[in-house]
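Presented below is the structure to which this report refers.
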Amino acid sequence: MTPLFQPWLIPILPLLGALINGLFGKRFSKAAVAVVALTATALSFVVACVQAAILLQSGHPALEQYYGTWIQAGDFSVNFGIYLDHLSMIMMLVVTGVGFLIHIYSVAYMEHEGGYYRFFSYLNFFMFFMLVLVLANNYLLMFVGWEGVGLASYLLIGFFFLKDSAANAGKKAFITNRVGDFGFLIALFLLIQHFGTLHYGALLVVRDSALLQMPVETSAGVLTAIGLLMLVGACGKSAQIPLYVWLPDAMEGPTPVSALIHAATMVTAGVYMVCRSNAIFSRAPIALLAVAIIGTLTSFFAATIGITQTDIKRVLAYSTVSQLGYMFMAAGVAAYSASVFHLMTHAFFKALLFLGAGSVIHGVGGEQDMRKMGGLRKYMPWTFWTMLIATLAIAGIPPFAGFFSKDEILWQAFSSPHGSKIFWAVGLVTAFMTSFYMFRLIFLTFTGEYRGAKPDAHGHDDHHGTPHESPWLMLAPLVLLGVLSVVGGWVGIGNRFEHFLDPVIQKVSVEQSAAQNGEAAATPVSEGEGTESKSTENLLMAISVLVALGGLGLAWFLYVKRPELPEQIAAGAGGLYRLVLNKYWIDELYAAVLIGPLIAFSRVVLWQTVDQKVVDGTVNEAAVAARDVSAVIRQQQSGLIRSYAGWVAAGAAAVVAYMVWMGTR
Amino acid sequence: MNLSTLNPWILTLTTFLPALGALLIAFLPRRDRDIRWFALAISVITLLISLHLPVHYREVAPTNSGTFAYEQNLQWITSPNIHYHIGIDGISLWLVVLTTFLVPFCVLASWKSIHDRVKEFFILLLLLETAMIGVFIALDLFLFYFFWEATLIPMALIIGIFGHQRRVYAAVKFFLYTMIASVFMLAAIIWLYAQSNTFDFVELQHLIATGAIHMPGHTTLWLFLGFFVAFAVKVPLFPLHTWLPDAHVEAPTAGSVLLAGVLLKMGTYGLLRFNIGLFPVEAHKNAPWIMTLAIIGIVYGALVALVQPNMKKLVAYSSVSHLGFVVLGLYSFTRAGMDGAVFQMLNHGISTGALFLLLGVVYDRRHTYEIKEYGGLATPMPMYATLFLLITLSSIGLPLMNGFVGEFLILSGAFQAKAVYGIVAASGVIWSAFYMLWLYQRTFYGKITNPVNATLPDVDLRERSILWPLAVLALVMGVFPTLWMNSIDASVAGILGTQHGVPAAPALQVKVNTVLK
């Protein structure tokens, strides 16, 4: 192996950056803090590129490196190690690449905020854990990254901890994720129990792995259980139904954090986990179906909420939940490549959208309500054009990146052996809504007249000033991401991307599926190769493009042509509109059904009744009774401690006397 | 000088040096400053001496189960047949070091907060140290019982004299509760002696295993329960836990640290060494309901912790939850579960010990533990907030912190024993995050709600030198647990070897830099 193969540097460099800034950053100038953080991230990206080249040159499907034992208990052991294959390669390049751009952006964006060193320390800290997550060579180390990014997310959401809403959102994110982690942990216990190891190599790769030998489970079995439990974990981290509630609130964090953690990287960890575990899911069709259903439902559900939101970041948040749903839908029809493809393009255009939104918020003095924006195109042309590119990409209009990946997902949902016309149809409706709410965002923000506070209108309330374009340090990442949002999808032309991931996908052999599958055994259960013809594919492609344009058109009609209509429609829809506007009251439902009763039960029943009255009451009554009895026997003495110490001494003496007697017997 | 010549006497030296120090303090003039420095010196020297134990453990480590390292066996009293028999294995090794490690921090934590009867306080503290170490090294049941009871008096006095408002109530409750429970153990010990004419643990273990002691009917069960009750109260296992919150809330900081850090471990150590060690079959038979109680403790302790308005009570109830994990792991009778349980004893000593030290910092400033008195402390006390966060992460078992390794192994072992145990207990990861982060938020985040807090000074040099080492150790234990686990694992294997061990499926090892396929 070439001495240049040092993948451990990729996570360690950001860790060093985090430590330096965390321990000494307080004494550094802002420039020095930025230099440390950016150098660490940039070097990490460079090293990642080198390692990727080494992997591609090597001709091996995967490279692995160990750094010693972490946990050992009897025969069970877990190592520190890195596993680099095509899947983790893409993830690490996206994380370090997009991460670096967002670091640059943050240098300017966070300029005027307190706690500059703290921010960059956390951000590097996040990079460390995210890279551990994607580069780990076993599930337990993945779990280290998994919980670690949760911690970084907690710290960064709560970055403005003086605000109660920010502190609440951070806590909510962490605890909701812990619910998911609970499922993940039990999946790990099942893996240990049945296969004795958590290492990818031994579980998912080596030919004689017990897991790979298992037949496809037509009814629920151990792999189904593992798959479903992993899905619970994935739902937490990737904000899927029913655990998505933390992500919209996470927008309390600084906007670069929303872009990096809550759009481009961390929230895709669940998708990564499912794709990494494709060998398990492909053998557990029930779990796979659950992934597809959850993803489809989430993508649709979140999109409906996105239509009604007026906070620019919240629209993007629900959009992220919805797009993650697409990725789950793809993974759920065993189209893992399509899922990862969309993960990548989404990282580009969604990071761009968030950074653009940050630029807008920056430019209008902190306002996030789109109803108080409008007409910003002429003030912030760079932001407008780059965001427009990203919007075209997410809406699925060719030749922008999102078109290729989303179209691939819809096609796979339609044609995969695990797919269904229903998934495709719902996905198509969601695509329409996506296009609609994204162009609604663009029109509300950038076209028409500026509706925000004008400096001249009221002389005293003018801390906003005129909207202004952001500095170049913020615009450069926008432009680069804009380029990626265009060309990023072209790698998918001609199914090149799909085959790129082939070495990672553990195909289920015909015999395995035949073992229990009767007639379905004739077609191997594998990714992608549907039976529909090329002409069907082209027809579906045309439909999805038309749908995207339809969404654009409707948004134009409602928000440019007839801007008075949306309010009338909202008023007309009445209860339904309020239901959606208030996010189906899900947060309130959870609070009323889960959190509130849990706390009341703990306080009133467990603590005040069981603990204080029943358990401790019994103890105290017994003590009182004993004291009453002893009061009869002996005289009351003052000084409780002394009297009891006396009793102990007397008791001990009696014991010794007894034993002496026993001994001499 | 060849250090290995120390080996036969090293345990005795470690154990009795603090008591000797206490004796010397008794003759020192009442100059508080000198007494503090002297106590600190004694405790630090004891720590340094005790480090000889792990450093040279490999050379003297017992090769077969049932034998001990650094062993010393002298006749103490001929009639009855009581021996000064001491020794440690890979489990008690770390509990001894945990004790000697925590005491210097307790001395430092009491530096300013104890200002009346300083002399008495440090005498009691050092006597307590000797007794605690004695519990972990004794291999003669009488000697063990002697040390066991000897911990009670100094601790009860520390709570009762140096504690807060309701200190006498708490001290008496603590004393009586554990004292009465110990009587059952004493009865069991005496019964065994009457049958065998020996108090020696190793001999008794052998005699019981070979059936040489006649045990008619349910005798084994009664003996098992006799020990069990004493240890379960100490742990404390639900529903025998209600002395703990009272004792913690009233105890001075040093008392709480040693109570949570070491005294509770005496209970879990006893459950392992004596209940499982002497009565393995009975322990196996009774494991289901013991594990059930442990799991109730995990969930119940966490939920009750959640709604506490008092920080110290919150941490006390969290101990009920954490110690539930330990008992669960021990009675899973799996390698992973028991390894994790022993490791978790150490973790809990570090992280909960540190939590009590942290609470002591704000108590010294504000003289209250009520959560609602605080809020927004991250602004005036950023360093304190950072340290509190690190320890919180250790306590909620974040990976790469010590708590995770212990909890993961325990849960994995419990799951192997019976899936439902692992599943219910694993919900603890949700509850612990909930109550600790909520505490953290209410204490540190938001704006200052009480103007008194706005000018609180951040941790000073003394406080930092207490807290940073613990935080760093929590991290080191999480990243390099094998430093501790190797000796623990070997001893657990020895204990399990005499049982119906549950073999884990073989793990596949791949060499460094392997290219797959």
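A Cβ distance below 8 Å, combined with a sequence gap of six or more or placement on separate chains, defines the contacts here; from the range B:72-85, residues that are touching a residue at least 40 places away in the same chain (Cβ under 8 Å) and over 14 Å from residue B:201 (Cα atoms) reach residues that are outside any strand (DSSP E or B) and not aromatic (Phe, Trp, Tyr) in the pairs B:76/B:143; B:80/A:659; B:80/A:660; B:80/A:662; B:80/A:663. Scanning the range B:265-285 for residues that are β-branched (Val, Ile, Thr) and closer than 18 Å to residue B:138 by Cβ turns up B:268, B:276. Restricting the range A:103-137 to residues that are at the interface with chain B (Cβ under 10 Å from one of its Cβ atoms) and surrounded by fewer than 24 Cβ atoms within 10 Å (Cβ to Cβ), which is farthest from residue A:197 (Cα to Cα)? Step by step, filter the range A:103-137, then rank; the result is A:115.
Would you check if residue B:247 is hydrophobic (A, V, I, L, M, F, W, C) and modelled with pLDDT under 90? When the stated conditions are applied, residue B:247 does not pass them.
Only a single item in (1) within 14 Å of chain B (Cβ to nearest Cβ); (2) aliphatic (A, V, I, L, M); (3) assigned to a helix (DSSP H, G or I) is not met by residue A:63, and it is number (3). Within the range B:478-517, the set of residues being in a loop (DSSP other than H, G, I, E, B), at the interface with another protein chain (Cβ under 9 Å from one of its Cβ atoms) and modelled with pLDDT of 50 or more comprises B:480, B:481. Taken over the range B:74-93, the criterion of being part of a strand (DSSP E or B) and either more than 13 Å from residue B:10 (Cα to Cα) or within 14 Å of chain A (Cβ to nearest Cβ) (or both) is satisfied by B:74, B:75, B:76, B:77, B:82, B:83, B:84, B:85. Listed by first and then second residue, the pairs linking a residue in the range A:583-606 that is facing chain B (nearest Cβ under 9 Å) to a residue that is in a helix (DSSP H, G or I), with Cβ atoms under 7 Å apart and 6 or more places separating them unless they lie on different chains, are A:599/B:306; A:602/B:303; A:602/B:304; A:602/B:306; A:606/B:300; A:606/B:303; A:606/B:304.
None of B:103, B:97, B:107 is of a type in the set (Val, Ile, Thr), assigned to a helix (DSSP H, G or I) and over 28 Å from residue B:32 (Cβ atoms) except B:97. Of the helices (runs of 4 or more DSSP H) lying entirely inside the range A:580-665, the ones with 2 or more residues being at pLDDT 65 or above and within 60 Å of the chain's Cα centre (by Cα) are found at A:586-590, A:596-600, A:616-633. I need the full set of residues from the range B:441-496 which are aromatic (Phe, Trp, Tyr) and in contact (Cβ under 8 Å) with a residue 12 or more places away in the chain, in order please. Those that are aromatic (Phe, Trp, Tyr) and in contact (Cβ under 8 Å) with a residue 12 or more places away in the chain: B:444, B:445, B:468, B:484. Which of the residues that make up the range B:83-130 are farther than 15 Å from residue B:36 by Cα and touching a Lys or Arg at 6+ places or on another chain (Cβ under 8 Å)? Selection gives B:91, B:92, B:95, B:98. Could you check the range A:146-173 and list, in sequence order, the residues that are facing another protein chain (nearest Cβ under 8 Å) and without any contact (Cβ under 8 Å) to a residue 60 or more places away in the chain? A:147, A:148, A:151, A:154, A:161, A:162, A:164, A:167, A:171 - these are the residues of the range A:146-173 that are facing another protein chain (nearest Cβ under 8 Å) and without any contact (Cβ under 8 Å) to a residue 60 or more places away in the chain. Candidates in the range B:419-463 are the residues that are in a helix (DSSP H, G or I) and surrounded by fewer than 16 Cβ atoms within 10 Å (Cβ to Cβ); of these, the one that is farthest from the other protein chains (Cβ to nearest Cβ) is B:462. Restricting attention to the range B:157-173 and to residues that are under 13 Å from residue B:256 (Cα atoms) and away from every other protein chain (no Cβ under 11 Å), the residue that is surrounded by the most Cβ atoms within 10 Å (Cβ to Cβ) turns out to be B:158. Restricted to the range A:213-227, and to residues there that are more than 10 Å from chain B (Cβ to nearest Cβ), crowded, with 19+ Cβ neighbours inside 10 Å and part of a helix (DSSP H, G or I), the residue that is nearest to the chain's Cα centre (by Cα) is A:227. The sole residue among B:5, B:15 that is in a helix (DSSP H, G or I), of a type outside the set (A, V, I, L, M, F, W, C) and surrounded by 23 or more Cβ atoms within 10 Å (Cβ to Cβ) is B:15.
A quick yes/no check of all residues on (1) acidic (Asp, Glu); (2) within 30 Å of residue B:366 (Cα to Cα):
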| position | (1), (2) |
| --- | --- |
| B:59 | yes, no |
| B:77 | no, no |
| B:88 | no, no |
| B:107 | no, yes |
| B:115 | no, yes |
| B:118 | no, yes |
| B:122 | no, yes |
| B:132 | no, no |
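Criterion first (facing another protein chain (nearest Cβ under 9 Å), under 21 Å from residue B:301 (Cβ atoms) and of a type in the set (Val, Ile, Thr)) does residue B:410 satisfy it? No.
Restricted to the range A:236-249, and to residues there that are under 11 Å from the mean Cα position of the chain (by Cα) and assigned to a helix (DSSP H, G or I), the residue that is farthest from residue A:355 (Cα to Cα) is A:236.
The values are calculated or read from the model by the stated rules, or taken from the named source; none is laboratory data. As the structure is a computational prediction, the values presented were derived from the model and not from experiment. We place every Cβ from the backbone using ideal geometry, glycine too, and count neighbours over all the protein chains shown.
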